[in-house]
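J.: I'd like to ask some things about the structure below.
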Amino acid sequence: MLLLGIETSCDETSAAVARGPTDRGVEVLSNVVASQDDLHAHFGGIVPEVASRRHIEMILPVIREAMQRASVTWEDLEGIAVTNGPGLIGSLVVGVSTAKGLAQARSLPLVGVHHLEAHIYSAAIGRPLPFPLLALIASGGHSHLVLVRDHGHYQVLGRTRDDAPGEAFDKGARLLGLPYPGGPQLAALADSFSGRVTALPRAQLPNSRDFSFSGVKTALARTVRAGQPDEPERARLAAAYQESIALSLADRTLQVADEIGECPIFAVGGVARNARLRQLLAERADKTGLRVHFPDPDLCTDNGAMVAAAGIHKLARVGADPTDLDCFDNLPLQSWAKNSRR
């Protein structure tokens, strides 16, 4: 099956062409991402109205480029997949409206993809997913632990109680006076520190599988406000802050993996690009005999390829969505497999 995937849930306009499923997972023929970082840097964060207007300008050129890079025509495509939630509602409307219009004009089946589901399926690019698996979804807006029993069969085991890890990175960067986008800037500053790293205090949630990042954010804010840290001290604080977030994610993931029994761990989402998190997860999983996998870093952030990968499996198993497919800013992750309970 050859699918076009469209992603506009936040501030990246992306389209991809992918083929599958095969015994080697999903094959990506093209993946075009138009970033809005330069546009929002002036504001120090994402402005939803500005993001949706830029999506309107970029969506058709991005789709054309994706198809040109893949050397496919509309006659070659067998369906369209689009993220329909959760996300910024104005941004989602642009992607879903475009996908619905193209699907109707070209008589192609349309399938809506949950944003978290798309992140999970970024791990299906270039390899088949081994079920059951435990997915750590760590991104700017989400922090979930999901047991994936089969295609379209999800059980949410834990989630953040406050900030998502990517959001915590961005807020920490702002406290340290770093420019937008803050998360990568903070990680780079943290990685430049060569001394001994001591993690900042972080929230402890006994008898829980959830995450919390409000405590470490408060600890950093109090430390910064207590003095005027110079550049070496800012690097130390960035490293301590990053260590706390990475430890929280790694510790909770390994705890849950131990509780549910042996199954591979897949770390996905934008924060899964973080080098320290990858190192901690790999080291701790190795000590316990668990397997941990990471998608290519370019597939961790929002992109059309992961939407196409999820859409290929969903369309092949349950068919197209109705023509009145809607989008939602707040959309719980639910199972769609025919033999699962929603």
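The values are calculated or read from the model by the stated rules, or taken from the named source; none is laboratory data. All values reported here derive from a predicted model rather than from experimental measurement. Backbone-built Cβ (ideal geometry, glycine too); neighbour counts: all protein chains shown.
J.: If we scan the stretch 157-164, do we find a residue that is surrounded by 22 or more Cβ atoms within 10 Å (Cβ to Cβ) and farther than 23 Å from residue 243 by Cα?
T.: Looking for residues that are surrounded by 22 or more Cβ atoms within 10 Å (Cβ to Cβ) and farther than 23 Å from residue 243 by Cα, one finds none in the stretch 157-164, hence no.
J.: Further, regarding this structure: Determine, yes or no, whether residue 21 is more than 27 Å from residue 141 (Cβ to Cβ), in contact with a helix residue (DSSP H, G or I) (Cβ under 9 Å, 6 or more places away or on another chain) and not assigned by TED's automatic domain parsing to the domain that holds residue 183. Full working, then the answer.
T.: On the way: more than 27 Å from residue 141 (Cβ to Cβ): yes; in contact with a helix residue (DSSP H, G or I) (Cβ under 9 Å, 6 or more places away or on another chain): yes; not assigned by TED's automatic domain parsing to the domain that holds residue 183: yes.
When the stated conditions are applied, residue 21 passes them.
J.: Within the stretch 249-292, take every residue that is out of contact with any Lys or Arg (no Cβ under 8 Å at 6 or more places or on another chain) and in a loop (DSSP other than H, G, I, E, B) and give me the one that is nearest to residue 131 (Cα to Cα).
T.: Filtering the stretch 249-292 for residues that are out of contact with any Lys or Arg (no Cβ under 8 Å at 6 or more places or on another chain) and in a loop (DSSP other than H, G, I, E, B), the one nearest to residue 131 (Cα to Cα) comes out as 263.
J.: When residue 325 is evaluated against the numbered criteria (1) under 12 Å from residue 117 (Cβ atoms); (2) part of a loop (DSSP other than H, G, I, E, B), which criterion, by number, is the only one it fails?
T.: Among (1) under 12 Å from residue 117 (Cβ atoms); (2) part of a loop (DSSP other than H, G, I, E, B), the lone unmet condition for residue 325 is (1).
J.: Identify all residues within the stretch 219-243 that are within 13 Å of residue 174 (Cα to Cα) and free of Cβ contacts under 8 Å to residues at least 12 places away in the same chain; write none if there are none.
T.: Scanning the stretch 219-243 gives a single hit, 225.
J.: To continue, here is another question. Keeping to the stretch 242-277, report how many residues are among the charged types (D, E, K, R), touching a helix residue (DSSP H, G or I) at 6+ places or on another chain (Cβ under 9 Å) and surrounded by 18 or more Cβ atoms within 10 Å (Cβ to Cβ).
T.: The number of residues fulfilling the criteria is 3.
J.: Continuing with the same structure: Filter the stretch 35-71 down to residues that are of a type in the set (D, E, K, R) and modelled with pLDDT of 95 or more and give me whichever is farthest from residue 4 (Cα to Cα).
T.: Filtering the stretch 35-71 for residues of a type in the set (D, E, K, R) gives 37-38, 49, 53-54, 57, 64-65, 69.
Add one more test, that the residue is modelled with pLDDT of 95 or more, and what stays is 49, 53-54, 57, 64-65, 69.
Details: 49: 26, 53: 22, 54: 20, 57: 19, 64: 11, 65: 12, 69: 12 Å.
This residue is 49.
J.: Considering only the stretch 278-293, state which residues are surrounded by 12 or more Cβ atoms within 10 Å (Cβ to Cβ), out of contact with any Phe, Trp or Tyr (no Cβ under 9 Å at 6 or more places or on another chain) and of a type outside the set (S, T, N, Q). Talk me through it step by step, then tell me what you get.
T.: First, the residues of the stretch 278-293 that are surrounded by 12 or more Cβ atoms within 10 Å (Cβ to Cβ): 278-282, 284-285, 290-293.
With the extra rule that they be out of contact with any Phe, Trp or Tyr (no Cβ under 9 Å at 6 or more places or on another chain), the set shrinks to 279-280, 284-285, 290-291.
280, 284, 285, 290, 291, listed by residue number.
J.: Report every pair of residues separated by at least 6 positions or lying on different chains whose Cβ atoms are under 7 Å apart, first residue within the stretch 100-121 and under 26 Å from residue 141 (Cα atoms) and in the same structural domain as residue 14 (by TED's automatic domain parsing), second part of a helix (DSSP H, G or I) and of a type in the set (Lys, Arg).
T.: 110/100; 111/314; 113/314
J.: Further question on the same structure: Name the residue that is farthest from residue 28 (Cα to Cα), counting only residues in the stretch 59-76 that are in contact with a helix residue (DSSP H, G or I) (Cβ under 8 Å, 6 or more places away or on another chain) and surrounded by fewer than 20 Cβ atoms within 10 Å (Cβ to Cβ).
T.: Filtering first and then ranking leaves 60.
J.: Please work out which residue is nearest to the chain's Cα centre (by Cα), limiting yourself to the stretch 184-202 and to residues that are of a type outside the set (A, V, I, L, M) and buried (at least 16 other Cβ atoms within 10 Å of the Cβ).
T.: Pass one, the stretch 184-202, residues of a type outside the set (A, V, I, L, M): 184-185, 191-196, 198, 201-202.
Of the ones still in play, those that are also buried (at least 16 other Cβ atoms within 10 Å of the Cβ) are 184-185, 193, 202.
On the way: 184: 15, 185: 18, 193: 27, 202: 23 Å.
Only one residue tops the list, namely 184.
J.: Examine the stretch 294-311 for a residue that is loosely packed, with under 14 Cβ neighbours inside 10 Å, within 19 Å of the chain's Cα centre (by Cα) and within 23 Å of residue 159 (Cα to Cα), and state whether such a residue exists.
T.: Taking the stretch 294-311 as the starting set, the residues that turn out to be loosely packed, with under 14 Cβ neighbours inside 10 Å are 296-298.
Applying the additional criterion that residues be within 19 Å of the chain's Cα centre (by Cα) yields 296-298.
Right, trim to within 23 Å of residue 159 (Cα to Cα) and you get 297.
Taking every residue of the stretch 294-311 in turn, at least one turns out to be loosely packed, with under 14 Cβ neighbours inside 10 Å, within 19 Å of the chain's Cα centre (by Cα) and within 23 Å of residue 159 (Cα to Cα).
J.: Inside the stretch 165-183, can you point out the residues that are within 15 Å of the chain's Cα centre (by Cα) and surrounded by fewer than 23 Cβ atoms within 10 Å (Cβ to Cβ)?
T.: Across the stretch 165-183, the qualifying residue is only 167.
J.: Another question about this same structure. Residue 286 - would you say it is modelled with pLDDT of 95 or more and on the phi < 0 side of the Ramachandran plot? Break it down into steps so the answer makes sense when it comes.
T.: Details: modelled with pLDDT of 95 or more: no; on the phi < 0 side of the Ramachandran plot: yes.
Spelling it out, it is not the case that residue 286 is modelled with pLDDT of 95 or more and on the phi < 0 side of the Ramachandran plot.
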